[in-house]
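The values are calculated or read from the model by the stated rules, or taken from the named source; none is laboratory data. On a predicted model such as this, the values are computed, not experimentally measured, just so you know. We place every Cβ from the backbone using ideal geometry, glycine too, and count neighbours over all the protein chains shown. Note: accessible area is taken over every heavy atom of the protein model, side chains too, but ligands, DNA and RNA are not part of it. Shrake-Rupley method; radii C 1.70, N 1.55, O 1.52, S 1.80 Å.
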Amino acid sequence: MAANALKTVPTSVTSAVPGPQINGMTGAAMDAGPLGQRLAGLSPEQRTLAARRMEMLGAISQGLAGRAYPERRAILNHMTPQLAAHGVPPALIAAFDPTDANLAAAAGEAEAVKRLLGAQPEAS
C-alpha cells in the first residue's frame, strides 16, 4: 500500500486509514463508499495496521488533552516523524488543531474505527 497514493483530507483521524478518504467533519465520502465499507475491504495486514494506528492516535489524543493548549502543537511537531513512520501523513498532523473538542473527536473516531474493525470479518 502506497500512502502517497491516498488523498489527504486533514479533518479526521480516519484519514490515517487506508482507502478512499472520508471528511471527518461531515462524514461525506471524498472518493467513494462509507468508512465501514472501506474497512471491510482491508486485507488482514491493513486491518492490523489500521487498528494499531487508531490505538496510537486515540492514546495521543487522550494524552494531549491533559496538556495545556499552548504545549500541544510543540508535542505534535516533535511526534511528527514517529507518526509519519506509522503512516500518518505529516500534512494531517500539521493541519490538525489540537483543541479540546478536536482531541475528543479524534479519540472518539479512533475508538469507533477500532470497534468497526473488531465487528467486521476480515477480508479474504
### Task
Out of the residues in region 58-68 that are surrounded by 13 or more Cβ atoms within 10 Å (Cβ to Cβ) and either out of contact with any helix residue (DSSP H, G or I) (no Cβ under 6 Å at 6 or more places or on another chain) or among the basic types (Lys, Arg) (or both), state the one that is farthest from Gly36 (Cα to Cα).
Arg67
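For Arg72, indicate whether it is at pLDDT 95 or above, open to solvent by 70 Å² or more (accessible area, probe 1.4 Å) and over 25 Å from Arg115 (Cα atoms).
No.
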### Query
If only one of Glu109, Glu45 is surrounded by 12 or more Cβ atoms within 10 Å (Cβ to Cβ) and among the charged types (D, E, K, R), which one is it?
Glu109
